[in-house]
Each structure stands twice: as C-alpha cells, then as structure tokens.
Amino acid sequence: MDLQEFNSAPADRLRPMLAACCDVPRWVDGLLAKRPYGDLAALTAVADQSLRELDDDEVDRALQAHPRIGDRPQGAGTEAAWSRREQSGVGEDPGVREALAEGNREYEQRFGRVFLICATGLSAEQMLTSLRRRLTHDDATEVAVVREELRKIALLRLAKVVEA
C-alpha cells in the first residue's frame, strides 16, 4: 500500500499489519493516531522515535512475537512469512542449524529471552558469529543491542507495509 492508502485505511485494517512489524499496542496505536503523514520520512521518524521509547515490558512483549533464529516459522500470517524471508540466510546446513539451536538455548539461559537479530541480508555464519559475541555481553549492553535489533526489524517491516 502507498502512504495515501495508509493514511486513509481503517485502523482495524492496519492494526494487524503494524502489529506484525512490532507487536506493541501502544506503538501501533501511536502510529495510527498521528495519521495523516505528509511523507514516508515523517511516518518513519514517528515510528523510530516511538520504538526508542518502548519500556522493558513492551520490548519483552515484542520479543515474544519473534521466532528463534534458525527455526522455521509456521503459518500463513504476515509475520511468519516475513520471518521466513528474513531468515533465509540460515540455509540448510545441519551443522550450522544445530550450532544456532545450541546458541539459542545458551542465550535464553543466559539472558532469559529469545536471541533477536535483524537477519535480513545476513548469512548463517554472520548470525552465528553475532550470537556468540553477544553471549559475552553484560546484561545492560545486551539490552541495548536487543532494543536496536528490534528497532531495525520493525522499521524494515514498516517499509514493507507502506511501499512507495
């Protein structure tokens, strides 16, 4: 959809698409409430700023909507389809898939949440290298990285919703 359609579409039609970008009701409602947007840059700026203001509970909620890196998201929904495309770099190598699964388990034990990375354009080795590096982070550093990865994913997905 283009920006004009985004600005005029019923909120109930847009809400699920925006939730697939970032499953935080306050973020979705905030974007809808500030319509109409004069251009894509204005929409992106509001979305970006709102993502930077998510509280810890909202970040946790958003993370629950993301599959583990290396898992094959099931279903026909928008978010599952986007996740499959975003993780296409994982490939089929069983050794890499097992290393990612093991890294995911270690990460979840260490930090208590799913490992999140903006996987678009990354190879499996790049994802695995990042996972291993991030396992060395202290909690505060990792929280900042997770927030940034979530922000990048949400903005990329928003650009898929509102294409020029």
Probe 1.4 Å, all protein chains present, accessible-area order of Lys34, Lys152, largest first: Lys34, Lys152
Return one number: the angle in degrees, 0 to 90 and rounded to the nearest 10, between the long axis of the Cα atoms of helix 11-21 and the longest principal axis of the Cα atoms of the chain. 20 degrees
Where does the chain land at 222 nm, in deg cm²/dmol rounded to the nearest 500, when only DSSP H runs of n ≥ 4 count, each adding -39500 (n - 2.57), divided by all residues? -20500 deg cm²/dmol
Using a 1.4 angstrom probe, figure out how much accessible area the chain has per residue, in square angstrom, rounded to the nearest whole. 51 Å²
Here the stretch 109-121 yields Karplus 3J(HN,Hα) values (6.51, -1.76, 1.60; θ = phi - 60°; whole Hz; Gly and Pro given as x) of 5, 6, 10, x, 8, 5, 6, 10, 9, 6, 7, 4, x
Carbon and sulfur together cover what percent of the accessible area of the chain at a 1.4 Å probe radius? 51 percent
Any idea what the dipole of the chain comes to, in debye rounded to 20, about its Cα centre with Lys/Arg Cβ at +1 and Asp/Glu Cβ at -1? 220 debye
Between exposed GluC sites (Glu not before Pro) in the chain, where DSSP calls loop and at most 14 other Cβ atoms lie within 10 Å, what's the longest gap? 93-162
Of the candidate values [x] 9.4; [y] 8.2; [z] 10.8, the one computed for mean projected area of the Cα convex hull in nm² from this structure is [x]
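The values are calculated or read from the model by the stated rules, or taken from the named source; none is laboratory data. Keep in mind that what you see is a predicted model, and the values were worked out from it rather than measured. Methodologically, a virtual Cβ is constructed for each residue, glycine included, from the backbone with ideal geometry; neighbour enumeration extends over all protein chains shown. For the accessible areas, the whole protein counts, side chains as well, though only heavy atoms, and no ligand, DNA or RNA atoms are used. Shrake-Rupley method; radii C 1.70, N 1.55, O 1.52, S 1.80 Å.
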